[in-house]
Structure formats: structure tokens, C-alpha cells
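The values are calculated or read from the model by the stated rules, or taken from the named source; none is laboratory data. For clarity, every value in this text was computed on a predicted model and none was experimentally measured. Virtual Cβ from ideal backbone geometry, glycine too; neighbours counted across all protein chains shown. These area figures cover heavy atoms from the full protein model, side chains too; ligands, DNA and RNA do not enter into them. Shrake-Rupley method; radii C 1.70, N 1.55, O 1.52, S 1.80 Å.
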Amino acid sequence: MEHFAEREMDSETKTEPMRVLVTGGSGLVGKAIEHMVKQEGGCLEGEQWTFLCSKEANLVDLQQTRAVFEKYRPTHVIHLAAKVGGLYLHMKENLNFLRDNLRINDNVLQTSHEMGVTKVVSCLSSCIFPDKTTYPIDESMIHNGPPHDSNFGYSHAKRMIDIQNRGYFEQHKHRYTAVIPTNVYGPYDNFNFENGHVLSALMHKTYAAKKEGTPLQVWGSGTPRRQFIYSLDVARLFLWVLREYDEIDPIILSVGEEEELTIKDAVEMIADALDFKGQIVFDTSKSDGQIKKTASNAKLRRYLPDFTFTPLSEGIKKTCDWFVNNYDIART
Amino acid sequence: MDFQTRAEPMRVLVTGGSGLVGKAIEHVVKQEGGCLKGEQWTFLYSKEANLVDLQQTRAVFEKYRPTHVIHLAAKVGGLYLHMKDNLHFLRDNLRINDNVLQTSHEMGVTKVVSCLSSCIFPDKTTYPIDESMIHNGPPHDSNFGYSHAKRMIDIQNRGYFAQHGRHYTAVIPTNVYGPYDNFNFENGHVLSALMHKTYAAKKEGTPLQVWGSGTPRRQFIYSLDVARLFLWVLREYDEIDPIILSVGEEEELTIKDAVEMIADALDFKGQIVFDTSKSDGQMKKTASNAKLRRYLPDFTFTPLSEGIKKTCDWFVHNYDIART
């Protein structure tokens, strides 16, 4: 009730239908939002949704950013675009990840402000939280210590979005906010063995091992614990945040702490989904990364006590089926 | 065997050359033998180049072709201005710092020493504060924009070292005071504002109104000491991690004690009133100078009463040009 009244009084509420610009529209989350909008009724009557790819505009460049905003004149922005990469690339190029992402984010947020965009929802990441921390991690802890060393450039640039959002609210009353997903997986991910996210890389490895009749080599001990969230669930929640979530402070998008499971458990689900019956070998000479990153979804649950997450085995099956059927276009 | 060591003498560019610290470095360089033979020192003012603009930054670097940079320039202001304008303080300072550091890198500058500030440390913290604690929690709310932009310099320095082997570093002074400060009642640093108020109260025969209770504790460092230490950092300090420039913890004293020193220096004999309806700011910000002392165990700081006397004398003689 309260935020409905607030919205009535918000001088920035436009009666015109939303024109939404999604930067980073071709990525894992962007494609999921596109699916929701175009195929699951996520788009309301009269709304225009534009999914931007990097080919159309390089957002590191201010002029190109302005040009694309002038072309589409969005009232709302979902800002997913970032310079991203696998672990090894980050470790070699922390400065580039810092500078390019600071530039992209300043271009998008400042251009949004100058063009009167009502709301921007940016995308942070659970990897930006402090490396040394207590658990579970929650939204209030983002700035409580340095992030993990390996990708400090990327992490600090992402953290800065939260500071920028506070600045735009304090100084200009803009309701620019952010979400913090934990480990996302789904169709259109990066399935590369080295650079991909953990589940997508494992799906590709399992598919290859089955095809070639070799054992499945999993990097690490399999004991680290993660909370995985299906990309279509992230997309559904993103739409709720865009339309209903009024805070400037960010919100974690994750399954509950009780859904945390080991990499080994996830590997077994992938093997089931792809009907892989070969040997599974854990290469403990490879790094495990962080042993746990347990995040609290209490804030999300206070807002949406009844939201149903796609069960992990079902999401894994759907993603594996997509990967097998779309192997030729998948990013491998 | 650092391949970046040049046989040529240093050409040093000091951004923010007209400010409190810039003027002190200029004094040490030109009048205390701080400049070595063959060196060129350029003190840049904002009139000459607006460092928020990349083209102007590049133009001034191409003009002076520095081998070393002391980067002091920043968008700064008093408490009330920060509270109203945090976004501008964030964006302008991020832009200035990226322009200066990236242009330095592109033009092969050997070393950049930037200037952080003890106000950027976490608001909720244990004491004493040391260099390892910069990123351990959010800064004070009132100037979060400025603080985050300054903290980012430390991240940039790590990035330039990790990716390009550059030895870009930073210093973190505690409360600096001295000639050429901003003596404005509202926007000035605490000691300079108090010196101006005391001067005015003496002239007008009114009581001296001090904002706050006088109980907060601070470590004050004289600008010429900061300048001498800056030159040591430029020439000798090799770490990428920043270094605090401060007197020791035992030199911490209350605002009330400092007010009494100012009254002595200006021979003010009137009444001193503490207006406790005004904010005190942070009660303490005690910083450790242990790292500095490991490097320079014998460095002698100017005693506070002497530094205050010199600054008050400067202020009285230069009232017409002082920033009031």
C-alpha cells in the first residue's frame, strides 16, 4: 500500500507506457529476460522492449552510448552490459576490467540521468562481496572489506554502481537500483571449458566426455558449496524489481541458504540430465575457488514470500536439452 | 635494474599546485633545497588545465612531458557542500584521477604519488587506523562520494602495477594545516577556520565562538612537514600500498587544546565559547604512523605550537591574499 501511494506522488511517474532498453541483451540474463518478455507475457500492453547487443553500441564510448539512448529514448533501463571474462583473464587484466566497467557504468547511468530515465536496474554479482566475511552474506555487507584478489578490478567497478545509485538518489532523486544474483545458469550462457561459469562449463565437459567415451574430469575437489539460480527465475525477478522494487539499496536474487549444495551434487545432476554413465574424476590439483559464498535471500523473501524457484534438477535438464539442441550456436 | 629508471633528471609535474600542500611543496623545492640539480618542477593551477577534461589533461602533459607526477588536484569543499553534492564529488574526482593516471601511464611517467585523505577511512573502525584498513567498511556518510573516489586511487595504483609494472602510489595525510590553506569560516579546515575566527574576534572585540564541544581529538601535521615527506616518498618510497603521513598517536590532542594554542599565537585574550549545538564531527580518527616511523625513525615534526604560530603570522601578514 505504502509504495503505491509513493508512486502516485512520484513526479517522475509517466503515464506513457514504458520503453525499456536492456543493455547486454545477448548475454545469459539478457536472453532470459527477452524470453520472459516475448514468450511468457512479461511485456505489458504498449510497452517497447529493446535488447541491445555490443555490436550496436560500444558503451565504453560516451558518444555511442548517447546515440543509442537518443535512438530508443528509453523510460527505463535494465543495465546488464559489462566487460566480463574467465578467471585467468581477470587476473591478467584487472586494470582493464576496472577502467572499462567504470566507463560503461558512468556512461549508462549519467546518460540515463541526462535523458530523464525514470529507473535503471543494474546487475551486480555475488563475487564482489568481501573475501573475508561471516555467513550468510547479505546486502548490507557489500563494502565491508576488500573483494577476492583475482578480480578486484571488476569487483570494485561493480561495487561503485551502488555508490553511484546513492549519489543519483541523493542529488537528483532518481530511483536507480541494482540486483545481486548468486550463481546464474541457463541457456545462452558461456559454455567454454575455461572461461564459462561452473555449471555451463561442466555441462559442456559432460557432453564432450559422453561423445568421446572418456571420463568426466571435474576441476577441484567438488566440495565447494554454491547456490544456483536459473536464468529464467532471475529474469522473472528482474521484471518484478523493475516494476515494483522501490529501494535504492540493492537486493540479492538467490535461492535460500538451505538450497546450497556441493559442486559434486551438481555434477551428478548434470550426468543424469545428459545420461552420462562414464567415470567422474575430481582433479584436486586444480583450484577450488571459494569454499562457500552463502548468501541470504531474506530480503527477497520479505517482499515475495511465495515466489517459486525452478528446482535445480529441472533447470539443469532444461539447460542441457537447450545445449544439446543448440550446440552449433552455443558459445563454446 | 628497474628499466624505468632514467638517467635524465626528473621533470616533476605537481597537479593542484596552488593548494595547501602544493604551495608547501613549492616552498620546500624552491626555498629549502628540495630541488636537485637539473630538475624541473612545474606547479599546475586549475586555470591552466581543467583535469576533468581528458584533452586538457593530455595537452598539459604533452607540454611539460613529466617523468614524475605529484597528483594533488581534486574537487574539494567544506562539509555542507559535500553533503549536497556527493555525486559531483564522486564523478569529477573519478574523472580527474583516471585522466591523470591513464595519461601518466600512456606517456611513460615513471612514478605518480597521489594524495588520499584520512577522512576516507571506514567510519566504524577500531583504533589506531592503519594503511591496511582503507577498504574495511563504508566511509562516513557525509562525503561518501569524495571518499570513494579517493579510495579508488589505491585500486587504480594496484591495477597499474599488476598490469603494467608501474610504481604509482599514494600518501594519506591526517589533518594538515599551514599557509595558503582555505581559511573560510564554513568551508575551511578546522585549524585554519579557527585562526580566522580568532583573528576576527580579536579585531572586533567579540568572544571567539568555537563550533562543537571542543572535545574531539585530532592529529595535526604542518604542511611543510607533509611537503618534506612527499619529496621523500617521491624519491625513495617504493611500495604501491599507500603510507600514512602523520605525527604519532601520542601527539593527538583535543580541539580545545588547539584553540588555546591559536589564542596564544594571536595574543587573543577574549572569551572563548563552545557552541555545543553544532556538530562535533568524528570524536577521534586516531591514525598510526608506525609504517612511516619504520622508514624514517628520526624524522622531526614541527611542534604544533610552532606550526600554529608560523601559520597565524602568515595569515595576519597575507590577509589580503588568503582564501577567506
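Figures for the structure shown
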{"item": "Residue that is farther than 30 Å from residue B:269 by Cβ and open to solvent by 50 Å² or more (accessible area, probe 1.4 Å), where the choices are B:189, B:167", "result": "B:167"}
{"item": "Residue within the range A:245-255 that is open to solvent by less than 10 Å² (accessible area, probe 1.4 Å), closer than 30 Å to residue A:19 by Cα, in a strand (DSSP E or B) and out of contact with any Lys or Arg (no Cβ under 7 Å at 6 or more places or on another chain) present", "result": "yes"}
{"item": "In the range A:57-114, the residues that are in contact with a strand residue (DSSP E or B) (Cβ under 7 Å, 6 or more places away or on another chain) and basic (Lys, Arg)", "result": "A:73"}
{"item": "Residue within the range A:317-330 that is among the polar types (S, T, N, Q), in a loop (DSSP other than H, G, I, E, B) and in contact with a Ser or Thr (Cβ under 7 Å, 6 or more places away or on another chain) present", "result": "no"}
{"item": "Count - residues of the range B:44-66 that are surrounded by 20 or more Cβ atoms within 10 Å (Cβ to Cβ), touching a Ser or Thr at 6+ places or on another chain (Cβ under 7 Å) and not in a helix (DSSP H, G or I)", "result": "3"}
{"item": "The range A:197-222, residues that are more than 17 Å from residue A:185 (Cα to Cα) and either out of contact with any Phe, Trp or Tyr (no Cβ under 9 Å at 6 or more places or on another chain) or small (Gly, Ala, Ser) (or both)", "result": "A:208, A:209, A:211, A:212, A:213, A:214, A:215, A:220, A:221, A:222"}
{"item": "Subset of the range B:74-111 [within 20 Å of the chain's Cα centre (by Cα), part of a loop (DSSP other than H, G, I, E, B) and modelled with pLDDT of 95 or more]", "result": "B:74"}
{"item": "Single unsatisfied condition, residue A:160 versus (1) within 9 Å of chain B (Cβ to nearest Cβ); (2) within 18 Å of residue A:289 (Cα to Cα)", "result": "(2)"}
{"item": "Any hit, the range A:197-211, residues being more than 14 Å from chain B (Cβ to nearest Cβ), part of a strand (DSSP E or B), more than 30 Å from residue B:92 (Cβ to Cβ) and among the basic types (Lys, Arg)", "result": "no"}
{"item": "Boolean, residue B:71 is facing chain A (nearest Cβ under 10 Å) and at pLDDT 95 or above", "result": "no"}
{"item": "Residue in the range A:66-80 that is in contact (Cβ under 8 Å) with a residue 12 or more places away in the chain, out of contact with any Asp or Glu (no Cβ under 6 Å at 6 or more places or on another chain) and over 24 Å from residue A:34 (Cα atoms) present", "result": "no"}
{"item": "Flag if residue B:160 is within 20 Å of residue B:305 (Cα to Cα), buried (at least 18 other Cβ atoms within 10 Å of the Cβ) and in contact with a Leu (Cβ under 9 Å, 6 or more places away or on another chain)", "result": "no"}
{"item": "Subset of the range B:78-91 [open to solvent by 10 Å² or more (accessible area, probe 1.4 Å) and within 14 Å of chain A (Cβ to nearest Cβ)]", "result": "B:80, B:81, B:82, B:83, B:84, B:85, B:88, B:91"}
{"item": "For residue B:64: the one exception among (1) away from chain A (no Cβ under 13 Å); (2) within 19 Å of the chain's Cα centre (by Cα); (3) over 22 Å from residue A:145 (Cα atoms)", "result": "(2)"}
{"item": "Qualifying residue in the range B:92-111 (condition: within 13 Å of another protein chain (Cβ to nearest Cβ), buried (at least 19 other Cβ atoms within 10 Å of the Cβ) and free of Cβ contacts under 8 Å to residues at least 40 places away in the same chain)", "result": "no"}
{"item": "Selected residue [modelled with pLDDT of 95 or more and in contact with a Ser or Thr (Cβ under 9 Å, 6 or more places away or on another chain)] from A:175, A:159, A:166", "result": "A:175"}
{"item": "Candidate set from the range A:112-145 (those that are part of a helix (DSSP H, G or I) and within 10 Å of another protein chain (Cβ to nearest Cβ)); member that is least open to solvent (accessible area, probe 1.4 Å)", "result": "A:141"}
{"item": "Residues that are at pLDDT below 95 and either of a type outside the set (S, T, N, Q) or touching a Cys at 6+ places or on another chain (Cβ under 8 Å) (or both), drawn from the range B:287-324", "result": "B:319, B:320, B:321, B:322, B:323"}
{"item": "Test: residue in the range B:10-18 that is hydroxyl-bearing (Ser, Thr, Tyr) and either closer than 21 Å to residue B:176 by Cα or free of Cβ contacts under 8 Å to residues at least 40 places away in the same chain (or both)", "result": "yes"}
{"item": "Candidate set from the range A:256-295 (those that are in contact (Cβ under 8 Å) with a residue 12 or more places away in the chain and among the small types (Gly, Ala, Ser)); member that is most open to solvent (accessible area, probe 1.4 Å)", "result": "A:287"}
{"item": "Test: residue in the range B:260-270 that is among the small types (Gly, Ala, Ser) and outside any helix (DSSP H, G or I)", "result": "yes"}
{"item": "Check on residue B:223, within 14 Å of another protein chain (Cβ to nearest Cβ) and among the small types (Gly, Ala, Ser)", "result": "no"}
{"item": "Residue satisfying all of: in the range B:192-227; of a type in the set (Lys, Arg) and buried (at least 21 other Cβ atoms within 10 Å of the Cβ); nearest to residue B:70 (Cα to Cα) among these", "result": "B:218"}
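For (1) at pLDDT 95 or above; (2) away from every other protein chain (no Cβ under 14 Å), each residue gets a yes or a no:
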| site | (1), (2) |
| --- | --- |
| B:147 | yes, no |
| B:185 | no, yes |
| B:228 | yes, yes |
| B:250 | yes, yes |
| B:254 | yes, yes |
